Structures are given as structure tokens and as C-alpha cells.
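Below: one structure, written as C-alpha cells.
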Amino acid sequence: MSADLVITSPANPRLKALAALRRRGVREDKGLTVVEGYEELVLALDSGVVPVSLYHCPELMGDPAAQSETVDRVAELGAEVVQLARVAFERAAYREGPDGFLAVVPSIRSTCADLVVPDDAFVLLCEGVEKPGNLGAMLRTADAAGVHAVIAADPVTDWGNPNLIRSAKGTVFSVPVAADPTPVALAWLASHGIPLVAATPDTMTDHTDISYAGPVAIAVGAEKHGLSEQALAAATHRVRIPMVGQANSLNVATSAAILVYEAVRQRRAPIG
């Protein structure tokens with residue numbers, strides 16, 4: 001493991017600067033965010049992210065001997081490496097039960113104009129989704145399903161929210177993402193010839209009754225209000241997920257997963 005600066009005091013000014021990145025305004029002003037967790041950091045590194053700095057705590061690592069290679073990997077990229085005493089790291093950590101890795105990385109600031117998708121584009125559009133955990137869960141689904149891009153339309157949170165990065169297990173760095181107002185996102189889809197499939201309970205068409213072949217964008221909205229009238233009006237298809245229970249809606253991340261994997265099922269080449 002490379003030699004680095006060691007901080008033992010939880011009152012160190014560097015840790016206060018780290019804590020400040022919990023606020024969206026600070027993240028946007030600095031152009032930085034935080035990746036916490038060994039697996040999340042490795043995925044970010046494998047996706048080409050170059051950290052600005054790394055804070056680590058060998059006491060908290062699951063396998064210090066093996067994981068020290070990741071510390072050296074970050075140092076070789078030119079990032080500042082800082083070792084924290086356990087009490088200092090636990091003060092800086094965002095989550096309970098930290099595993100000894102916390103990196104400061106450049107924020108993700110991409111719009112639809114930055115996206116490059118294939119002719120058979122498979123896109124997930126999330127409009128007005130409030131909870132970072134839901135957006136993160138949808139990113140994990142998108143990563144697993146091979147979705148080409150995830151768009152946050154009229155986003156309530158930012159892609160650099162540390163809780164989003166944590167719930168996404170770092171897949172915010174492996175899946176192309178963008179954030180734009182709904183009109184801009186819809187215009188981008190239209191300009192690329194990507195039909196929109198909108199999830200809504202106000203239809204008689206089940207989500208399995210349409211074709212997801214070719215280019216397609218699946219749109220889900222916030223649990224409380226659903227998709228906007230503008231998004232619904234732009235949809236080629238409006239679909240529902242059949243429900244027979246007493247609850248009138250599913251968690252938005254669950255709904256997205258059901259729709260995305262129906263598309264995956266249909267888009268897979270026939271076996272045999």
C-alpha cells in the first residue's frame with residue numbers, strides 16, 4: 001500500500017469538507033460528489049472514473065491485504081490518498097457499517113445531448129422521481145438489463161447524490177445517464193425516432209400486450225402523481241401492470257423493473 005497522509009481527528013477540516021458534499025448545492029458548485037464503498041469504487045474505476053481523492057481506513061476493510069491494491073490503483077491515477085483512523089472515518093462515512101472506502105470524484109453532468117445510443121435504443125425515462133434510492137434501484141436494473149441510457153426528466157435529485165450512488169451500487173458510472181426537463185427529454189426521444197411506452201394505471205392495455213422490439217423508451221413517473229400529462233401525451237403506448245391487491249400502485253423501481261424485463265424478454269433472440 002502506498003504511503004499517504006494520516007488523519008486521526010474526526011474534527012479535521014478535510015472531513016467537514018467531505019460532509020459538505022452531502023448538500024446538492026455544494027456538489028453542483030464544486031462539481032464533485034462522493035462514492036462510498038469498496039464495490040462501488042471498483043465499479044467506478046472500471047468505468048473510467050478518476051478520483052480526486054480517496055479516504056480509506058484499513059481497520060474497516062473486509063480484506064485489507066487484497067483491498068490495499070485498490071488504494072494503490074487510485075494513487076497511481078494521481079489522486080490524493082488519505083488514511084483515516086476508524087473514529088475519523090466513521091464520522092465522515094455516509095452509511096452505517098462503512099467498509100473503509102470513500103472517494104471524492106467528479107460529478108456526473110450529462111444531458112440528453114451527450115447521449116449516444118444505437119439504432120435499436122433501449123431507454124428508461126424516469127420523470128420526477130423523488131427518492132434517490134428509487135433512482136438508484138432503477139439504475140441497477142438498467143445495468144443488469146442492458147439498457148442503453150437512463151434519463152431523469154424534471155429530476156428532483158441529482159445523479160451525484162451519494163445515497164443514489166450507494167443504492168445503485170455504483171452503476172451510475174456504468175450506465176449512460178442524463179438529466180433534462182421533460183420537454184427536452186421528449187424532444188430528444190422524438191428526434192431519435194424512439195417510441196415512448198408510458199406506465200399508467202389509466203389504461204386497459206397490459207404491459208405484455210405491446211411490442212418492445214426495435215427502439216423503445218419506457219417511462220415511469222413519481223409514485224404520488226405518476227407521469228405528467230405532457231409525457232402521457234407523447235406516448236405511443238400507455239400500459240398498465242395488472243394488480244389484484246388492495247394497494248393502488250407499486251414502488252416505482254419495481255414497476256420499472258417489471259416493464260424493463262418484459263422488454264428484455266421480447267427483445268432476446270429466440271432460443272434454438
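The values are calculated or read from the model by the stated rules, or taken from the named source; none is laboratory data. Source: prediction; values computed, not measured. Note that each Cβ is placed from the backbone with ideal geometry, even for glycine, and that neighbours are counted across all protein chains shown.
Is one or more of the residues making up the range 128-141 in contact with a Phe, Trp or Tyr (Cβ under 6 Å, 6 or more places away or on another chain) and not basic (Lys, Arg)?
First, pick out the residues of the range 128-141 that are in contact with a Phe, Trp or Tyr (Cβ under 6 Å, 6 or more places away or on another chain): none.
No, the range 128-141 contains no residue that is in contact with a Phe, Trp or Tyr (Cβ under 6 Å, 6 or more places away or on another chain) and not basic (Lys, Arg).
Select, from 75, 79, 3, the only residue that is at pLDDT below 90 and surrounded by fewer than 20 Cβ atoms within 10 Å (Cβ to Cβ).
On the way: 75 fails: at pLDDT below 90; 79 fails: at pLDDT below 90.
Answer to the selection: 3.
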How many residues does the range 140-166 contain that are in contact with a strand residue (DSSP E or B) (Cβ under 6 Å, 6 or more places away or on another chain), part of a helix (DSSP H, G or I) and at pLDDT 95 or above? 1
Members of the range 53-72 found to be of a type outside the set (Ser, Thr, Tyr) and either surrounded by 15 or more Cβ atoms within 10 Å (Cβ to Cβ) or within 15 Å of residue 165 (Cβ to Cβ) (or both), listed by number: 54, 56, 57, 58, 60, 61, 64, 67, 71
For the range 1-59, what are the residues that are among the acidic types (Asp, Glu), in contact (Cβ under 8 Å) with a residue 60 or more places away in the chain and touching a Lys or Arg at 6+ places or on another chain (Cβ under 8 Å)? 36, 39, 40
Could you please tell me which pairs satisfy a Cβ distance under 7 Å, a separation of 6+ or placement on different chains, a first residue in the range 227-241 that is closer than 16 Å to residue 129 by Cα, and a second residue that is assigned to a helix (DSSP H, G or I) and among the polar types (S, T, N, Q)? 228/182; 230/182; 231/182
